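Asker: Pasting a structure here, questions to come.
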Amino acid sequence: ASRVGVFGPSMGGYLGPRSAACDARIKACALAGGMYDRSRALNRLDDPFEFARVSHIWKVYDKQKLVELHRRCTLEGLAPKIRCPLLVIHGTKDFVPVEQAKRIYDEASGPKEWVLLEGGNHVCNNLPYRYRPLVGDFLAKHLGARG
């Protein structure tokens, strides 16, 4: 396939850019609620509900192993390798700090777009009518959709 694009919400907002940095077949990358460095969220694991939620997602139930896994999840040294067109969407009310997503945007070396949605929660799920068309239009534009 010559027109491969990725959209990553939440954890995909880390995995999508990581994939784009490592795989030149990806021709466009969009993300929402992305995190540059998961170790910055380690304090959230002190909350029992958050620990249970994250453990379930990762299928890792030992706190120390989960902490070690988070420490390895960073785009440090990889973000500059994102050369494909990049769309970074973030909400002002996301629990992931805006600076995390902005750092992905700032360090990417290809063409890029930054969208900060006022009042948007995590992944801007409360504003789907605002962010989903942006993602669709971006991917269509950069992947050569015909319509």
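The values are calculated or read from the model by the stated rules, or taken from the named source; none is laboratory data. Quantities reported herein were computed from a predicted structural model and do not represent experimental measurements. Ideal geometry is used to build each Cβ from the backbone, glycine not excepted, and the neighbour counts take in all protein chains shown.
Asker: For the condition at pLDDT 95 or above and farther than 21 Å from E113 by Cβ, what is the one hit in C22, C29?
Answerer: Going through C22, C29 in turn, just one is at pLDDT 95 or above and farther than 21 Å from E113 by Cβ: C22.
Asker: Could you give every pair whose Cβ atoms fall below 9 Å, whose first residue belongs to the range 124-141 and is assigned by TED's automatic domain parsing to the domain that holds L87, and whose second residue is basic (K, R) and surrounded by 16 or more Cβ atoms within 10 Å (Cβ to Cβ), counting only separations of at least 6 or pairs across chains?
Answerer: Filtered contacts from the range 124-141: C124/R130.
Asker: While we're here: Tally up the residues in the range 101-139 that are of a type in the set (S, T, N, Q) and touching an Asp or Glu at 6+ places or on another chain (Cβ under 9 Å), please.
Answerer: Counting residues in the range 101-139 that are of a type in the set (S, T, N, Q) and touching an Asp or Glu at 6+ places or on another chain (Cβ under 9 Å) gives 1.
Asker: Looking at the range 123-147 only, could you name the residues that are in contact with a strand residue (DSSP E or B) (Cβ under 7 Å, 6 or more places away or on another chain) and either under 10 Å from A32 (Cβ atoms) or assigned to a loop (DSSP other than H, G, I, E, B) (or both)?
Answerer: Within the range 123-147, V123, C124, L127, Y131, L134, V135 qualify.
Asker: Let me ask something else about it. Listed residues F49, F95; which is outside the structural domain of V115 (by TED's automatic domain parsing) and not basic (K, R)?
Answerer: After ruling out the rest, the residue left standing is F49.
Asker: Moving to a separate point now. Go through the range 58-70 and report how many residues are under 26 Å from I26 (Cβ atoms) and at pLDDT 90 or above.
Answerer: Number satisfying all stated conditions: 2.
Asker: Does the range 95-106 contain at least one residue that is aliphatic (A, V, I, L, M) and farther than 19 Å from F7 by Cβ? Lay out the reasoning, then the answer.
Answerer: First pass over the range 95-106, keeping only residues aliphatic (A, V, I, L, M): 96, 98, 101, 104.
Next, from what is left, pick out any that are farther than 19 Å from F7 by Cβ: 98.
For the range 95-106, residues aliphatic (A, V, I, L, M) and farther than 19 Å from F7 by Cβ: present.
Asker: Against the condition hydrophobic (A, V, I, L, M, F, W, C) and assigned to a helix (DSSP H, G or I), how does V115 come out, does it pass?
Answerer: Spelling it out, it is not the case that V115 is hydrophobic (A, V, I, L, M, F, W, C) and assigned to a helix (DSSP H, G or I).
Asker: Considering the range 37-50 alone, what residues qualify as being surrounded by 15 or more Cβ atoms within 10 Å (Cβ to Cβ) and modelled with pLDDT of 90 or more?
Answerer: If the condition is that a residue be surrounded by 15 or more Cβ atoms within 10 Å (Cβ to Cβ) and modelled with pLDDT of 90 or more, then D37 is the only one that fits.
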